[in-house]
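Structure first, then comments.
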Amino acid sequence: MIAASAIPGVRPGPPSQPACGGSLRFGFTGAEVHDASALDDALAQLEEMAALGARVVRCGIGDTQVLRSWGTSAQSASLAPDRVSAIHRVFARARELGMDVWMMLIVSYPDESASAADWKRKTEQWWQLVAEEFADEVAVVQIFNEADGSHYRFHTEIADSDRDSYYGELAELLAAASKTFHAMSPHVQVTTNLSGWPSGDRVQARWERALDVIASSLDLVTVDIYFDHAVDDTEMPRFPARIAALRRRYGKPVAIGEIGDPTQGSARKERAQQQYYEQYVRLLRGLDLSYAVFYQYRDRAATTDAEATFGITRADGTAKPAHRWLENHPLPWSCGPA
């Protein structure tokens, strides 16, 4: 295991615990194990996150990470024991560090030529295998990713005229996933995240249109939120009212699945990211939320592509200014049980 002190730009040591102000658990997306060589780095990321006060880690499990094979149409999918073992180690260490595990199951059966019935059967096999292995180790299971914005299976745009029937399909699938995971662990919270770019009235209307259909299949209402700072600097103060409206309308706990800003390899944007993080922590800590997850902990690559540079650490593991700020201003710790 790589110690936090061995990561360039990161200072080890636990944060001081501020006065407790609620049950909100902050954290990051990260610590994913895409292959065996990534295990030590994933474990190190957990140590670093915990040192910043994180109390939840959101990480994905894909088919290439844990499956030996999807099997044939007549055979069940099967897991690869060595890969599964690596994921167990990550989840166990997260819990030892006092973090809830938020497991993302974005992938589904990848054969685009499969019939709808075959796709559903194979995807449910996938959920069952993962539930049997991990359901009792995680607090949250996220099914799909921003499936209100693009098709849960084909990732194509959804015509407005098709949305209501599409959300009905999505609700049935989420209910099936919920049943599978609750059978293995009654306390796990099943959710799906809704897209949030850019925050505003149109996004809130889209959330409500989807949630009016799918909320009954969820334990936790999750929305992603990204602010267009260059266009509307008045939206952030309006956001607390949007969260309150979701709680009133659906009567369920609410979480922020993603919030953050890209840096695109620019020192100026890195400084701006730090300033936004300061604002986000102040904004979110006062809201009635279960979780607030920053996207993300580590850049995906050394690139100027915005999508790959949301991390508060660079691809080589060195700290950006937002990380250094959090070292001195650790995230609020939860009032809830560790």
Note to self: Give me the dipole magnitude in Debye, nearest 20, for segment 181-324 about the Cα centre, with unit charges on the beta carbon: positive for Lys and Arg, negative for Asp and Glu.
What the structure shows: 280 debye
Checklist line | Spin-label pair ALA159/ALA302, simplified geometry with 7 Å Cα→Cβ offset, distance in nm | finding: 4.7 nm
Notebook entry, point to check: Picking from ALA315, ALA210, ALA50, which is most flexible by a Gaussian network model of the chain using Cα springs under 10 Å?
Noted result: ALA315
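For segment 100-141, would you read off the P(r) tail past 12 Å as a percentage of all alpha carbon pairs?
Roughly 61 percent, rounded to a whole number.
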Margin query: Give me the dipole magnitude in Debye, nearest 20, for segment 28-152 about the Cα centre, with unit charges on the beta carbon: positive for Lys and Arg, negative for Asp and Glu.
Written below: 200 debye
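Can you list which of the DSSP-assigned H helices in the chain have a Cα extent of 15 Å or more along the long axis and an average Kyte-Doolittle score of at least 0.0? Before the final figure, lay out the partial values.
Details: long enough: 39-51 (19 Å, 0.23); 81-96 (22 Å, -0.59); 116-134 (27 Å, -1.08); 163-184 (32 Å, -0.10); 201-214 (19 Å, -0.58); 239-250 (17 Å, -0.37); 267-284 (25 Å, -1.49).
Helices meeting the span and hydropathy rule in the chain are 39-51.
What does the extension gain come out to for ALA175 and THR318, with contour length at 0.36 nm per residue minus their alpha carbon separation? Please report the intermediate quantities before stating the final value.
Details: separation 143, 0.36 × 143 = 51.48 nm, distance 4.13 nm.
Here the answer is 47.4 nm.
Quick one: if the Förster radius is 22 Å, what FRET efficiency do HIS88 and ARG121 give, using the C-beta to C-beta distance and rounding to 0.05? Don't jump to the answer; show the numbers that get you there.
On the way: r = 27 Å, r/R0 = 1.21.
The computed FRET efficiency comes out at 0.25.
Note down the magnitude of the dipole of the chain about its Cα centre, charges +1 on Lys and Arg C-beta and -1 on Asp and Glu C-beta and zero elsewhere, to the nearest 20 debye. Each step should come with its number before you reach the end.
Numbers: 34 positive and 45 negative charges, 183 e Å.
Its charge dipole is roughly 880 debye.
Full-extension gain between HIS329 and ALA241, please, as 0.36 nm times their residue separation minus the C-alpha to C-alpha distance. Could the numbers behind the result be given before it?
Working: separation 88, 0.36 × 88 = 31.68 nm, distance 2.60 nm.
Gain on stretching HIS329 to ALA241: 29.1 nm.
Nearest 0.05, what FRET efficiency do ARG282 and SER73 give at R0 = 56 Å with Cβ-Cβ as r? Walk me through the numbers on the way to the answer.
Details: r = 53 Å, r/R0 = 0.94.
For ARG282 and SER73, the calculated efficiency is 0.60.
Based on the Kirkwood radius over alpha-carbon pairs, what is the Stokes-Einstein translational diffusion coefficient of the chain at 10 °C with 1.306 mPa s viscosity, in µm²/s? It would help to have the intermediate numbers written out before the result.
Details: Rh = 20.4 Å.
Estimated diffusion coefficient is 78 µm²/s.
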Next item on the list: Please name which of GLN273, SER69, TRP127 has its Cα lying farthest along the dipole of the chain towards the positive end, using unit charges on Cβ (Lys, Arg +1; Asp, Glu -1) and the Cα centre as origin.
Entry: GLN273
Next item on the list: With a cut-off of 19 Å, note down the residues of segment 172-214 whose backbone N falls inside the zone around a label point 7 Å from the Cα of VAL231 toward its beta carbon.
Entry: 194-208
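Computed from the mean reciprocal separation of all distinct C-alpha pairs, what Kirkwood hydrodynamic radius does segment 96-173 have, in Å?
Details: mean 1/r = 0.0712 Å⁻¹.
With all distinct Cα pairs of segment 96-173 included, I get 14.0 Å.
With every protein chain left in place, what is the accessible area per residue of the chain in square angstrom, probe 1.4 Å?
Details: 14270 Å² over 338 residues.
Solvent-accessible surface per residue comes out at 42 Å².
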Item checked: Which of SER85, MET104, GLN142, positive extreme of dipole for segment 77-165 (C-beta unit charges) -> SER85
Next item on the list: Label segment 158-227 by shape, choosing from rounded, prolate and oblate, from the square roots a ≥ b ≥ c of the eigenvalues of the Cα gyration tensor; if a/c is under 1.5 it is rounded, and otherwise prolate applies when a/b is larger than b/c, oblate when it is not.
Entry: oblate
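Can you pull the percent of segment 207-338's accessible area that's carbon plus sulfur, 1.4 Å probe, other chains left in place?
Numbers: 2580 of 5450 Å².
Looking at segment 207-338 in its full context, I get 47 percent from C and S.
For the chain, calculate the relative contact order in percent as a whole number, restricting contacts to Cα pairs under 8 Å that are 6 or more residues apart. Walk me through the intermediate numbers first.
Numbers: 626 pairs, mean separation 71.3, N = 338.
Dividing the mean separation by the residue count of the chain yields 21 percent.
Using R₀ = 30 Å, calculate the FRET efficiency as 1/(1 + (r/R₀)^6) where r is the Cβ-Cβ separation of GLU132 and SER23; round to 0.05. Please report the intermediate quantities before stating the final value.
Details: r = 29 Å, r/R0 = 0.98.
My answer for the efficiency is 0.55.
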Margin query: For segment 96-253, I need the span (max minus min coordinate) of the C-alpha atoms along each principal axis, in Å, sorted largest to smallest.
Written below: 46, 43, 27
Item checked: Pairwise Cα inverse-distance average, inverted: Kirkwood Rh of segment 175-334 (Å) -> 16.9 Å
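Could you please state how large a percent of the accessible area of segment 105-182 is carbon and sulfur, counting protein chains only and using a 1.4 Å probe?
Details: 1570 of 3370 Å².
Its accessible area is 46 percent carbon and sulfur atoms.
Rounded if a/c is under 1.5, else prolate if a/b beats b/c, else oblate: with a ≥ b ≥ c from the C-alpha gyration tensor eigenvalues square-rooted, which is segment 131-192?
prolate
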Item checked: Distant alpha-carbon pairs in segment 38-104 (separation over 21 angstrom), percent -> 31 percent
Item checked: Dipole-positive endmost among ALA244, HIS229, ALA176 within segment 175-258 (Cβ charges, Cα centre) -> ALA176
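The values are calculated or read from the model by the stated rules, or taken from the named source; none is laboratory data. This is a predicted model, so every value here is computed, not measured. Counting neighbours? That spans all protein chains shown, and the Cβs are built from the backbone with ideal geometry, glycine included. The accessibility values were calculated without ligands, DNA or RNA, using every heavy atom of the protein model including side chains. Shrake-Rupley method; radii C 1.70, N 1.55, O 1.52, S 1.80 Å.
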